[in-house]
1. I need the phi-derived Karplus couplings for segment 82-98: 6.51 cos²θ - 1.76 cosθ + 1.60, θ = phi - 60°, integer Hz, Gly and Pro marked x.
2. Strictly greater than 27 Å: what percent of every Cα pair in segment 98-235 meets that?
3. Under a no-solvent Debye model with one identical scatterer per Cα of segment 1-156, what's log10 I(q)/I(0) at q = 0.13, 0.20, 0.21 Å⁻¹?
4. Given a Förster radius of 35 Å and the C-beta distance between LYS181 and GLU140 as r, what FRET efficiency does 1/(1 + (r/R0)^6) yield to the nearest 0.05?
5. Report the net charge of residues surrounding ASP59, where surrounding means a beta-carbon distance below 14 angstrom and charges are Lys +1, Arg +1, Asp -1, Glu -1.
6. List the residues, sorted by chain then number, that are 5 or more residues from TYR116 or on another chain and whose placed amide H is less than 5 Å from its amide H.
7. Starting from the Cα of VAL130, move 7 Å in the Cα-to-Cβ direction to define the label point; list residues of segment 181-195 whose amide nitrogen is under 18 Å from there.
8. Taking 0.36 nm per residue of separation and subtracting the Cα-Cα distance, what length does fully extending VAL17 through THR121 add?
Amino acid sequence: MLILILLLSPQLVSAGVISLTATISTDVMTENTTKVLVKLLNSGDEAAHNVQISLLTDDFESNPIFVGILNLNVPFERNFTVSLKEDILPGNYPIVVLVDYADANGYPFSSVSPSYITYKTPTVSKLSSVVSELVLAGKETKKLTLTVRNLDDFSHNLNVKLILPRELKVDEERTISTQPKEEKELNFDVSSFSALPGSSYVVLANIEYDYNGLHYSSIGRGTVMIGEESTSILPNWLPITGIIFLGGVFILYQFKGKL
């Protein structure tokens, strides 16, 4: 009985938690450069090491900012100087703050947070999206479903791109067309590259289109959770069968004792 209980008991693991929150503030960009303010806070119970902040965007460029150690509940804020890569249409453009960091053992992590830059003229996207929740275990690959809804009365050609932390892998971006009031589902192959079991990652879906000389964008958000990969060399049914067998033996023993 003791051996069976030990086989079925979960292994307890104690580890610190790093929980980073990024807040992004932008102004309307009227010239070729602008400032993007990023505030970073670690609300976990372990300091983050080798912290670096970068802006991910197809239309603007900036230099990464090295933070170093981010201690608990000590906010860090810094301005990025952002400049245009080339001429673009007025409108709203997505930007993503990528934070690279490590724990006390040097194991690397990353996170992504979304925002927008408005170039000259604000625009309001008529597209909405829903990113399905996904649970991965080990190195398996699963389909992440992105539901895109065109709420507009006009058709649009869309550029759709998933933005994931470095620990996850995804296939390429897509270009699709949507009719007025149409809903479409897109499936992306997502897998873990170096994600740790028990971790949870925010994933983003950038959806962009041009219309009447203006640029529109929207950002969908979802979560990918990393489950435990089974390492047991025993078949899944064996522990359950063992419990049933021992329970039967116990009942039989009790029954015989009353005869």
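Nothing in this text is a laboratory measurement; each read-out follows from the coordinates by a stated rule. Worth saying up front: this structure is predicted, and the values here are computed from it rather than measured. Using ideal geometry, Cβ is built from the backbone for each residue, glycine included, and neighbour counts are taken over all protein chains shown.
1. Along segment 82-98, the couplings run 10, 10, 5, 7, 7, 5, 9, 6, x, x, 9, 10, x, 10, 10, 8, 9 Hz.
2. Details: 2857 of 9453 pairs.
For segment 98-235, the share of Cα pairs beyond 27 Å comes to 30 percent.
3. The Cα Debye sum returns log10 ratios of -0.82, -1.25, -1.27.
4. Details: r = 36 Å, r/R0 = 1.03.
Rounded to the nearest 0.05, the efficiency is 0.45.
5. Numbers: positive: LYS85, LYS120, LYS161; negative: ASP58, GLU61, GLU86, ASP87, GLU208, ASP210.
Combined, the nearby Lys, Arg, Asp and Glu give -3.
6. Placed amide hydrogens put ILE95 under 5 Å from TYR116.
7. Counting backbone N atoms under 18 Å from the label point, the list is 181-188.
8. On the way: separation 104, 0.36 × 104 = 37.44 nm, distance 4.12 nm.
Extra length from VAL17 to THR121 when fully extended: 33.3 nm.
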